[in-house]
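Report on the structure given below.
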Amino acid sequence: MNAYVGNQIATNLTGRLYVKDDALVLEEIGFVSAAARLKLTALYRSPRPNHLYLGLDYHMVDIQIDELLSMFPDLDTIMPMLSSFKGQGEFHLAAETYLDKNYNLKKSTLRGASSIRGDNLVLMDSETFGKISNILMFNKKTENKIDSLSAEFCIQKRGGCVSVYYSDGQHKAVVGGRHNST
């Protein structure tokens, strides 16, 4: 009924785990931690010793944004504005890749997509806040609430894309970009 996940204790474990035809399947493994309610479906198979396949669908509901960033620090690099928000949100990640025999990621095979959504967030006073407060006419002396924030990113082999959808009741904005690396 309980398990350790990183530095958190997961409770109310549900789902199925089975091994069949050289594949390990985690089917709708659900659990609750202090950070969020989580659900994971994953497939691992090993057709060859140096070519291990991993596919996963990971969903976190009711997570505090600061907890999400502590669990996945790389998100702050992909979407640095996330650290400027406080509140509860939802995170979804779907990805597939191949691993080598030491379970190291083969970056050239990585494909994935992720989304982060939050409602009733508070924009914290930070460097990002300072840059956009004049443009959006925010009052620095009050708590600036954001109705909704939705951010999505995808990873395709050696490049990726980021889209951010923002609304504070008065303003709406969409920001997007693409990053290519060699």
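Some points to look at:
- Ligands, DNA and RNA are left out, and with a 1.4 angstrom probe the accessible area of region 49-118 is 53 Å² per residue.
- Calculated SAXS-style log₁₀ I(q)/I(0) at q = 0.11, 0.16 Å⁻¹ - region 38-130, Debye, Cα scatterers: -0.41, -0.74
- Taken over the Cα atoms of region 1-72, the convex hull encloses 103 Å³ per residue.
- Surrounding net charge for residue 23, when Lys and Arg each add one and Asp and Glu each subtract one, Cβ distance under 14 Å: 0
- Karplus-based coupling profile of region 56-73, in residue order and whole Hz: 8, 10, 10, 10, 10, 10, 6, 10, 6, 4, 5, 5, 4, 5, 6, 6, 10, x, with θ = phi - 60° in 6.51 cos²θ - 1.76 cosθ + 1.60 and x standing for Gly or Pro.
The values are calculated or read from the model by the stated rules, or taken from the named source; none is laboratory data. Note that the structure is predicted; figures quoted are calculated from it, not measured. In this analysis, Cβ positions are derived from the backbone assuming ideal geometry, glycine residues included, and neighbour counts consider all displayed protein chains. Ligands, DNA and RNA are excluded from the accessible area calculation, which covers all protein heavy atoms including side chains. Shrake-Rupley method; radii C 1.70, N 1.55, O 1.52, S 1.80 Å.
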